[in-house]
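Please read the structure below before turning to the comments.
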Amino acid sequence: MEFIDLTTQFQRLENKIRTRMDQVLRHGRFIMGPEVAEFEEKLAHFIGVNHAIGVANGTDALQLALMALEIKPGDRVITTPFSFFATAEVIALIGAIPVFTDIDQDTFNLSASSLEQTIADLETRGTPARAVITVDLFGQPADYPKISALCDKHNLYLIEDAAQGLGGAVGEQKAGSFGTVACTSFFPAKPLGCFGDGGAVMTQDAKIANTLMSLRMHGKGTDKYDNVRIGLNSRLDTLQAAILLEKLAVFAEECDLRNQVAQRYHDGLSGIPELALPKVPENMNSSWAQFTLRCENRDALKSHLTAAQIPSAVYYPCPMHLSTAFAGLQHQTGDFPFAEQASQTVLSIPMSPYLSEQDQERVVQVIRAFFQAD
Ligand SMILES: *Cc1c(COP(=O)(O)O)cnc(C)c1O
């Protein structure tokens, strides 16, 4: 059993993917070939936004979003301490200051009430924030109804880090469409993954979209050699776009399959008092990038699974405010108790659209045996 099964999907799509790749090998336009624009258009349509811009990876997508919004060195950007490192890394990379605020205990996502407090604290100190980066952690959209309203009220840009969120929704609105700019990643293990690195930035705003298209190509103006701003070299490869076109065609169906797998886990693992299952708030849909459990004796459960040859993973063992790289922010244990508690108790178990009922039943039985629940 694999933690994330990419093989079954490849077997299913192999012929179509190979045909698409062959077309690229023949036309030879490896950089910004026609598949890139075709994929951008289909991705924008799937998410329900005006513009999707392919870039080199999810980390660059976040950096480009900050650059397009003209976040400057010294500006403060509020985000969650419980995410993949890239979310806060890009803030520091452009010279801005990451300001962490705690997560919600149930959803692992940025807490709207904690955010409100942090916004107020920064205003009181005369150092207001300029932007907020939310993360759709493990596929669960952040609390956009509340967080968007807070950002509007305080005149803050909202950036959605939907690297894990694509395929989720709040009501009818799909992940990848929240905030002024949304970012995603096509790293192979993400819900929509390619065969290498890839990413995209989404926006409804034509002006921001034009800036992003310039920024991903060395700040180009009307022509490639007319450089009007400092940018990056950050494009989505044509080959990756070709692969993504075939994967996007089955993505909605795969999201349904992920939800069925999640439902089976919920049915199989409910009623164990020591084990907390992921809770999806009403009116929200998760892409189930991960199925993440919580329990006090997490490390023992992980060993028990490993002994039964069931892969599992801890995302994330160290909240970012306690990471060595952010030692300069001078945080200490206790600053963000829910993020710290999460990093001590979370365990993600195998999840993919093609996880067989048989394998899944084994995962459930092995976990139930650990808690001696039947
Ligand atoms: C994967 C991920 C990223 C970074 O994406 P890459 O394509 O690996 O650069 C950023 N944020 C979150 C939440 C992620 O899960």
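The values are calculated or read from the model by the stated rules, or taken from the named source; none is laboratory data. As the structure is a prediction and not an experimental result, all values here were calculated from the model. Backbone-built Cβ (ideal geometry, glycine too); neighbour counts: all protein chains shown. SASA here: full protein model, heavy atoms, side chains in, ligands and nucleic acids out. Shrake-Rupley method; radii C 1.70, N 1.55, O 1.52, S 1.80 Å.
For the range 89-226, a/c is not less than 1.5, where a ≥ b ≥ c are the root eigenvalues of the C-alpha gyration tensor, and a/b does not top b/c. That puts it in the oblate class. The H on the amide N of Phe291, modeled in the peptide plane, is under 5 Å from the matching H of Ile349, each at least 5 residues off or on a different chain. Could you give the Stokes-Einstein D for the range 251-373 in µm² per second, using the C-alpha Kirkwood radius, 37 °C, 0.692 mPa s? D = 208 µm²/s.
Percent of accessible area on the range 251-373 owned by carbon and sulfur, 1.4 Å probe?
49
Taking 0.36 nm per residue of separation and subtracting the current Cα-Cα distance, fully stretching the chain between Ala252 and Glu38 would add 75.3 nm.
Normalised by the number of residues in the range 251-373, the mean separation of alpha-carbon contacts (under 8 Å, six or more apart) gives a relative contact order of 36 percent. 3J(HN,Hα) along the range 50-62: 6, 9, 10, 10, x, 9, 6, 5, x, 5, 4, 4, 5 Hz, from the Karplus curve 6.51 cos²θ - 1.76 cosθ + 1.60 with θ = phi - 60°, whole Hz, x for Gly and Pro. Across the range 139-282, Cα pairs under 8 Å and at least six residues apart give a relative contact order of 15 percent. Taking Cβ atoms as reference points and 15 Å as the exclusive limit, the residues near Phe85 contribute a net charge of -3, counting Lys and Arg as +1 and Asp and Glu as -1. For the range 175-185, putting each phi into the Karplus relation 6.51 cos²θ - 1.76 cosθ + 1.60 with θ = phi - 60° gives couplings of 4, x, 10, 8, x, 5, 9, 10, 10, 9, 10 Hz, in residue order, rounded to whole numbers and with x for Gly and Pro.
For Leu13 and Cys318, a Förster radius of 35 Å and the Cβ-Cβ distance give a FRET efficiency of 0.45, rounded to the nearest 0.05.
The calculated FRET efficiency for the pair Lys153 and Glu274, based on their C-beta separation and a Förster distance of 45 Å, comes to about 0.65. Summing charges over all other residues whose Cβ lies under 13 Å from the Cβ of Val314, with Lys and Arg as +1 and Asp and Glu as -1, gives +2. The phi torsions of the range 27-37, fed into the Karplus equation with coefficients 6.51, -1.76 and 1.60 and a -60° offset, translate into couplings of 6, x, 8, 6, 10, 6, x, x, 5, 5, 5 Hz, rounded to whole numbers, with Gly and Pro shown as x.
Considered as an equivalent ellipsoid built on the Cα gyration tensor, the chain has semi-axes of 33, 29, 16 Å, the largest given first. For Lys174, the lysines whose Cα falls under 17 Å of its own Cα, not counting residues fewer than eight places away in the same chain, are Lys42, Lys146, Lys190.
Only helices enter the 222 nm calculation for the chain: every DSSP H run of n ≥ 4 contributes -39,500 (n - 2.57), and dividing by all residues gives -12500 deg cm²/dmol, rounded to 500.
Highest-first packing order for the peptide set 101-110, 35-44, 323-332 is 101-110, 35-44, 323-332, based on the mean count of other beta carbon atoms within 10 Å.
Ser111 sits among other residues whose Cβ lies under 13 Å from its own Cβ, and their net charge, with Lys and Arg +1 and Asp and Glu -1, is -4.
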